[in-house]
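Participant: Let me give you the structure first, and then I'll get to my questions.
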Amino acid sequence: QVQLVESGGGLVQPGGSLTLSCAVFGSALRIYDMTWYRQAPGNQRDLVATITSDGTTNYADDVEGRFTITRDTAKNTLWLHINNLKPEDTAVYYCNGRNSFRNVWGQGTRVTVSS
């Protein structure tokens, strides 16, 4: 069974930085297109950043320049590095792994940006 386990969320002041992690268990991260999503209270789940199996990255317009998605295929881990956090970044952040055979979600990690 493939599992994705996120960590690294918390309470951060505006302007701060945070790194979220997503560990992949039961399969190899490199065979998936990996995506970070976020869901703010009362909102739909939105795509934030993607890194494809071949390493191509893409970002939502509202986070480009502040968010960076990276991965280490040897460690089977995905990260989302967030700089200059804003209150509107407050959300539960989810990682997702998708290929032709599977579409797997983690349980989410909560990020709250507040002074």
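The values are calculated or read from the model by the stated rules, or taken from the named source; none is laboratory data. Source: prediction; values computed, not measured. Cβ coordinates were reconstructed from backbone atoms using ideal geometry, including for glycine residues, and neighbour counts include every protein chain displayed. Each accessible area value is taken on the protein alone, full model and side chains, heavy atoms only, with ligands, DNA and RNA left out. Shrake-Rupley method; radii C 1.70, N 1.55, O 1.52, S 1.80 Å.
Participant: Ranked from the most accessible area to the least, with a 1.4 Å probe and all protein chains present, what is the order of 75, 86? Don't skip to the answer; put the middle values down first.
Facilitator: Numbers: 75 135, 86 75 Å².
From most accessible down to least: 75, 86.
Participant: What FRET efficiency comes out for the pair residue 99/residue 64, r = Cβ-Cβ distance, R0 = 35 Å, nearest 0.05?
Facilitator: Details: r = 25 Å, r/R0 = 0.71.
About 0.90, to the nearest 0.05.
Participant: Next question. Tally the DSSP beta bridges in the chain and give the antiparallel ones as a percent, rounded to 5. Don't skip to the answer; put the middle values down first.
Facilitator: Details: 39 of 43 bridges.
Antiparallel bridges make up about 90 percent of those DSSP assigns within the chain.
Participant: Mind grabbing the accessible area of residue 113 for me, 1.4 Å probe, Å², rounded to tens?
Facilitator: So the heavy atoms of residue 113 present about 10 Å² to solvent.
Participant: So what is the relative contact order of region 1-81, in percent, for Cα pairs below 8 Å that sit 6 or more residues apart?
Facilitator: Details: 133 pairs, mean separation 23.0, N = 81.
Answer for region 1-81 is 28 percent.
Participant: With every protein chain left in place and a probe of 1.4 Å, what is the accessible surface of residue 102, to the nearest 10 Å²?
Facilitator: In the full protein context, residue 102 sits at about 110 Å².
Participant: Could you work out the local net charge near residue 37, counting Lys and Arg as +1, Asp and Glu as -1, over the other residues with Cβ closer than 9 Å to its Cβ? Intermediate results must be reported in sequence, preceding the final value.
Facilitator: Working: positive: 38, 45; negative: 46.
Net charge around residue 37: +1.
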